[in-house]
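Nothing in this text is a laboratory measurement; each read-out follows from the coordinates by a stated rule. Computed from a predicted model, the values in this text were never measured in an experiment. When we count neighbours, we look across all protein chains shown, and the Cβ atoms used for this are built from the backbone with ideal geometry, even at glycine.
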Amino acid sequence: MATLPRNWDQMAPEKRLPPEAQAKEAMLAAGIGVEEAPDVVLDGKPHRFRVAGDKGREKSGWYVLFGDNLPAGRFGNWRGDLSVAWHATPDHALTQAERELIELSYERARLMHEAEAKKRHEQAAQVCAEIWEKAAEADGENGYLVRKRVRSHGLRQTGDGRLIMPIYVGERLTSLQYISADGRKEFHAGGEVSCGYFFIPPTGAAAKVIYVVEGYATGASVHEATGAGVVVALNAGNLSKVGQFLRGKMPQARIVFVADNDKSGVGQQKAQAAAGLIGAQVIVPPEIGDANDYAVAGRDLKALLEVEPDPWLVPLSEFCQKPQPIKWLIKGWVQEEALMMVFGASGTGKTFVVLDQALSIACPQINDWQGCRVKHGPVVYLAGEGHIGLKARIAGWMGHKGANSAEMLISTSAEDLNTPEGVGRVIAEIGRYETKPVLIVVDTLNRFLFGDENTAKDTKTFLDACTRLMNEFRCSVLIVHHTGVAQEAQNRARGSSAWKGAMDLETWVNKEPGSVKVLVRQTKNKDAELQSDLWLEQVQIAVPGWTDEDGSPVTTVVMERSDGGDEPKEKKLTKSQQFGLQTFREAAERFGKLDAEGNFAGLELEKWREYFYQCSPSENDSTKRNAFSRARTDLCEIGRLRVENGFYFLKGFAAELEQKQIAKSLYKQRRKI
């Protein structure tokens, strides 16, 4: 607890700086490139001042600040297209009226700044047009072109040898970019560059694809390798704006972003985000640098760029060719280039099972997973939680299996995978490494989903992100998910039914409370037969070399094959449970559904409820309602009934036989009708 100074009650209150001084301090702290803030005048008029990078009489800094009421307004930097809202700090808490006046000052300053910007852009555009008109064609021996080993494609040149690249916004020439021999680039002062671009037209019949790049040398290299049209978007931050402009102009065009392979990942992330907005493709050089660096290094840029995506429409003759054998990463359980889900309730061991599979694929020393053949390859494990425990699990598994290496990358945090920025970051991060994954694990869906797993919209965006990862790396994606909360939902994945519909394989992991036996059951296998149930056992081990703060060994669990599970014995039913089960059987024989093959397809809850009420000896509606609710809940909890997509089924060792009998009764009944 802090101690008050002596005579604290006699101390004068802290004096606040005058509004003008507060504004100057804010300018210095805002990172707009000003080293010495100008003298501020709170007159509500546009003012300009010098910032870093200004030359001659150029003044790229600006402010519009009002002094009436509580001083407020905006300041910024034309050069970086920056705008900062500011208000003075008073010596009292702001009232609602003052807040509204401040917002009004922000808006007034914004409108004045935009009007000033428009005027400045128009003046700059006029000057640029004159410079462009008078400039000579670029010299083929220009130092920059020679160094980058590219030709001029519509460039011109200043008297002092700098290249001039015109910048267009829409159809208008709005600015120029000057490129020195050493690679320094400068935009014409005051010119509009947001959403600006330069276009290198295609040659001959090479107009089927449009490439979008950041800089001129990259664009020239791409054009010279392919003959295709290339749009130079000036910088990574402009890619999305230019991409959306192009899509509006050419709705059917195939657009490909050729991203810079930056060490920071910015170029890749911005390109992925831009592509996600317009349904475009992204190509990234496999080495650090851009496409021009790749070409100058003697690599085959044409081969990198002209890889065609798989066709969406194919001729019938090709579609009906003999299918290729199913390829497996783990025979029967983890398919190549597939979308899969492993789900289970909390504490059932689903992460242990998935980690066991992933590490078996990633470790070249491991020949099989629980007796099933393994094909090895790099794995990316997107871990959204429990990183400390995950470290112990992996270390314990590696020591137990005698594995000394694994090709695996692990995320340090979660990411909103179903946003353009989120999936772009994942792709960019993976792209920093030389190898491409054969499997990407998402653990868990809840930690990587931005939105609601129950809505069709958010489900679709997440599934689209998974598809994008699969297409980008030609890999499989395995999602780890939870079961529903209700007892009757413990044998299905939580959320929208679209999850199961989208999966190529789905696996349920379950464990009875207090047991070490884990059931691994395949609930969907789109392209092959369902695998037989697999029983595993959780074996506790010490993590080699790990101790806690008391010096005791740190332990974890590994999965080992087991001969069988601890099947729960069916408990004797109470009279109310017996009555509930009997009414279910009778209602199912009268009102149940049959599928197209004549199999029992469940009983609707309302049909069962009506029949239960009909048969109940009680005459009190409330008593009937409570008895039915209690019987339904009990029968689901003790494993005598299960519910799937709103329909109820029998469950237990004799369920299959009983339901065949129910189906026969329904069939006979409907034949009579």
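Summary table
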{"read-out": "Listed pairs 350/526; 436/511; 460/524 exceeding 30 Å between Cα atoms", "value": "436/511"}
{"read-out": "Alpha-carbon gyration tensor eigenvalues x 5, square-rooted, for region 328-561, Å", "value": "26, 21, 18"}
{"read-out": "Options [x] 60, 36, 28; [y] 53, 35, 22; [z] 49, 33, 21 - which one matches semi-axes √(5λ) of the Cα gyration tensor in Å as calculated here", "value": "[x]"}
{"read-out": "Exposure proxy ranking, count of Cβ atoms within 10 Å, fewest first, for 194, 240, 622", "value": "622, 194, 240"}
{"read-out": "Near-label residues of region 342-370 by backbone N, under 14 Å of a point 7 Å along Cα→Cβ of residue 527", "value": "none"}
{"read-out": "Cβ-based exposure ranking for 319, 199, in which fewest neighbours within 10 Å come first", "value": "319, 199"}
{"read-out": "Distance in nm between pseudo-label sites at residue 542 and residue 637 (7 Å out along the Cβ direction from Cα)", "value": "4.2"}
{"read-out": "Region 543-673 - Kirkwood radius from inverse mean 1/r over Cα pairs (Å)", "value": "17.6"}
{"read-out": "Fraction of antiparallel bridges per DSSP, the chain only, in percent to nearest 5", "value": "65"}
{"read-out": "Alpha carbon convex hull of region 266-336, projected area averaged over orientations, nm²", "value": "8.3"}
{"read-out": "On Cα atoms only, tilt of 655-672 relative to the major axis of the chain in degrees", "value": "80"}
{"read-out": "Extension gain from residue 91 to residue 264, taking 0.36 nm per residue of separation minus the Cα-Cα distance", "value": "58.0 nm"}
{"read-out": "In region 192-292, the GluC sites (Glu not before Pro) that fall in loop regions by DSSP, at most 12 other Cβ within 10 Å", "value": "287"}
{"read-out": "Extreme residue, positive dipole direction of region 489-545, given options 491, 530, 519 (C-beta unit charges)", "value": "491"}
{"read-out": "Taking the convex hull of Cα positions in region 135-305, its mean projected area over all directions (nm²)", "value": "9.6"}
{"read-out": "Simple label model, 7 Å out from Cα along Cβ direction - residue 400 to residue 669, nm", "value": "5.0"}
{"read-out": "Those GluC sites (Glu not before Pro) in region 593-673 that DSSP places in a loop and that have at most 15 other beta carbons within 10 Å", "value": "597, 619"}
{"read-out": "Total lysine pairs under 16 Å (Cα atoms) in region 575-672, excluding pairs fewer than 8 apart on one chain", "value": "9"}
{"read-out": "Acute angle (nearest 10 degrees) that the helix 420-431 long axis makes with the longest principal axis of the chain, alpha-carbon atoms", "value": "90"}
{"read-out": "Amide N proximity, region 159-193 versus residue 139 label position 7 Å along Cα-to-Cβ, cut-off under 12 Å", "value": "159-163, 181"}
{"read-out": "Per DSSP, loop GluC sites (Glu not before Pro) in region 432-524 with at most 15 further Cβ within 10 Å", "value": "434"}
{"read-out": "Table column - 3J(HN,Hα) (Hz), region 109-120, Karplus curve with 6.51, -1.76, 1.60, x for Gly and Pro", "value": "5, 4, 5, 5, 5, 5, 5, 5, 5, 4, 5, 5"}
{"read-out": "Kirkwood Rh in Å, taken over region 182-259 so that all alpha-carbon pairs contribute", "value": "12.9"}
{"read-out": "Those aspartates and glutamates that a straight Cα-Cα span of less than 16 Å connects to residue 45, excepting residues fewer than 8 apart in one chain", "value": "20, 68, 107, 114, 116"}
{"read-out": "Where labels lie 7 Å past Cα in the beta-carbon direction, separation of residue 168 and residue 316 in nm", "value": "4.5"}
{"read-out": "Whole-number Å³ per residue for the convex hull built on Cα positions in region 600-673", "value": "111"}
{"read-out": "Ranking of 444, 419, 547 by count of other Cβ atoms within 10 Å, fewest first", "value": "547, 419, 444"}
{"read-out": "Helix 456-473 vs. the chain, principal-axis angle (Cα, 0 to 90°, nearest 10)", "value": "70"}
{"read-out": "Once the Cα gyration tensor of region 16-123 is diagonalised, semi-axes √(5λ) in Å", "value": "24, 16, 10"}
{"read-out": "Candidate aspartates and glutamates for bridging to residue 375, where Cα separation is under 17 Å - those fewer than 8 sequence places away on the same chain excluded", "value": "336, 337, 356, 407"}
{"read-out": "Nearest-0.05 FRET efficiency for residue 35 and residue 244, computed from C-beta distance (R0 45 Å)", "value": "0.80"}
